[in-house]
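The block underneath contains the structure these notes are about, expressed in structure tokens.
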Amino acid sequence: MDRDGASLKEIERRAYRSTFQDGIYDIQFGFLFLVFALISVFEAIGVSCFIGYALLAIPLIIPWLGKRYITIPRMGEVEFGQTRKKRKRIIFIIGAVVLFLTLPLFLSSGAITSGVLGWKLVAIFVVPFFVLAVYTTDFPRLYLYAALLIASVVEAEFLLSLVGSPLNAIYSFGLPGIVITLIGMSLLIKFIKTYPRTEAADAE
């Protein structure tokens with residue numbers, strides 16, 4: 001690759017990473033941790049497990065809402081190279097295939113209606129998707145969150161015999177979730193102060 005090509009690639013990489021300074025993906029991960037904790041709490045107090053599972057929609061839609069209504073009106077919508085688009089398409093296809101193959105087994109097990117295992121079942125299906133999503137982002141801070149999420153799953157299982165449920169999930173997922181969400185909120189506030197809405201966005 002020539003020098004100009006390398007320079008353009010580095011410029012694109014910097015522009016791409018600048019889209020993470022709004023803290024929205026941090027908030028997404030923080031909410032994922034918190035939902036894992038809430039699933040265990042709901043199970044312990046007898047609330048329908050479907051409510052806990054439904055809350056998983058929150059971290060899924062946070063990036064779409066945040067980028068659409070906060071980031072894009074301030075920074076505009078940026079188109080990146082075909083390599084990043086191709087990587088996202090491949091990961092999406094892999095995730096769809098895995099979901100298609102495993103969802104029937106998940107539903108037929110009866111666990112979703114009985115409420116047993118709580119966050120464990122969710123972790124089996126959700127964590128791999130978020131790890132794949134982090135791979136597509138190519139942003140170091142999110143790798144750290146993904147590693148912390150996996151470690152929290154192991155920690156929650158270890159603490160189960162020591163403090164029981166739902167305290168194990170509260171310690172393992174709830175506390176990190178609060179910290180990560182606060183980090184994301186602080187980044188978001190700083191981003192909003194640094195980048196006011198454009199006149200074109202206000203006119204829409």
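Structure summary
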item	result
Residue in region 170-190 that is nearest to the chain's Cα centre (by Cα), counting only those that are under 16 Å from residue 156 (Cβ atoms) and hydroxyl-bearing (Ser, Thr, Tyr)	172
Selection from region 134-171 of residues that are of a type in the set (S, T, N, Q), more than 30 Å from residue 19 (Cβ to Cβ) and without any contact (Cβ under 8 Å) to a residue 60 or more places away in the chain	161
Candidates 128, 176, filtered to the one that is at pLDDT below 85 and either in contact with a Leu (Cβ under 8 Å, 6 or more places away or on another chain) or not β-branched (Val, Ile, Thr) (or both)	128
Tally, over region 159-182, of residues that are assigned to a helix (DSSP H, G or I) and at positive phi	0
Residue match in region 41-60 (condition: among the polar types (S, T, N, Q) and modelled with pLDDT of 85 or more)	no
Residue 71 modelled with pLDDT under 80 and either within 24 Å of residue 149 (Cα to Cα) or not in a loop (DSSP other than H, G, I, E, B) (or both)	no
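The values are calculated or read from the model by the stated rules, or taken from the named source; none is laboratory data. Computed from a predicted model, the values in this text were never measured in an experiment. Reconstructed Cβ throughout: ideal geometry from the backbone, glycine too, with neighbour counts over all protein chains shown.
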